[in-house]
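The values are calculated or read from the model by the stated rules, or taken from the named source; none is laboratory data. Small disclaimer: the values here were computed from a predicted structure and weren't measured. Cβ coordinates were reconstructed from backbone atoms using ideal geometry, including for glycine residues, and neighbour counts include every protein chain displayed. Ligands, DNA and RNA are stripped out before the accessible areas are found, and what is left, the full protein with its side chains, is counted by its heavy atoms. Shrake-Rupley method; radii C 1.70, N 1.55, O 1.52, S 1.80 Å.
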Amino acid sequence: MRIGELAARAGVSVRSVRYYEEQGLLTSTRSAGGQRHYTDDEAERVAFIQRLYAAGLSSRTIAELLPCVDSPSEETSDAALTRMAQERDRLSGHIADLVRTRDALDGLMATARAHRESLRAATAEATGAAETAAEATSATTC
């Protein structure tokens with residue numbers, strides 16, 4: 001199949017298919033006219049690559065994992081599991097950083113809310129004092 005058909009079947013853009021090929025994640029054969037041709041298996045491979053991207057893996061990491069798919073063995077399986085564990089640890093670190101950042105933002109928001117409430121209270125107090133003064137003035141002028 002040609003590149004457009006592969007992209008449509010896999011639900012990706014033609015540009016993505018070209019990128020996967022540039023990164024060594026996908027291979028094609030070329031026609032005499034230089035057009036790329038792919039097998040039906042390549043559509044499944046693109047779907048698998050998409051799942052790996054969705055899991056937060058980079059194209060470089062995906063390239064390191066593909067030998068497990070292309071030449072399954074205990075060695076390639078162990079290497080893939082080790083690499084995925086490293087990526088999981090990296091993602092867990094990012095998540096912890098994001099939680100700390102969110103907590104810091106929550107603290108800033110609490111401070112801003114408290115400040116806003118103190119401004120409202122001060123405004124209400126000032127308004128109440130002005131009304132009381134106005135009432136006192138009008139009571140003495142009658």
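Computed over protein heavy atoms with a 1.4 Å probe, the accessible surface of the chain works out to 70 Å² per residue. What the Cβ-Cβ distance of Leu105 and Ala85 gives, at R0 = 30 Å and to the nearest 0.05, is a FRET efficiency of 0.50.
Here percent of Cα pairs over 23 Å apart was calculated from the structure, and among (i) 56; (ii) 25; (iii) 62 it sits at label (iii).
Highest mobility in the GNM of the chain, judged by mean-square fluctuation with C-alpha springs under 10 Å and restricted to Arg120, Arg60, Arg100, is found for Arg120. Where only DSSP H runs of four or more residues are counted, the chain gives -27500 deg cm²/dmol as its mean residue ellipticity at 222 nm, each run worth -39500 (n - 2.57). Span-like helix criteria (full DSSP H runs; alpha carbon extent of at least 15 Å along the helix axis; mean Kyte-Doolittle hydropathy of at least 0.0) are satisfied in the chain by 59-70. For the residues Glu74, Glu64, Glu135, a 1.4 Å probe over the protein chains yields an accessible-area ranking, largest first, of Glu74, Glu135, Glu64. Solvent-accessible area of the chain (1.4 angstrom probe, protein heavy atoms only): carbon and sulfur portion equals 56 percent.
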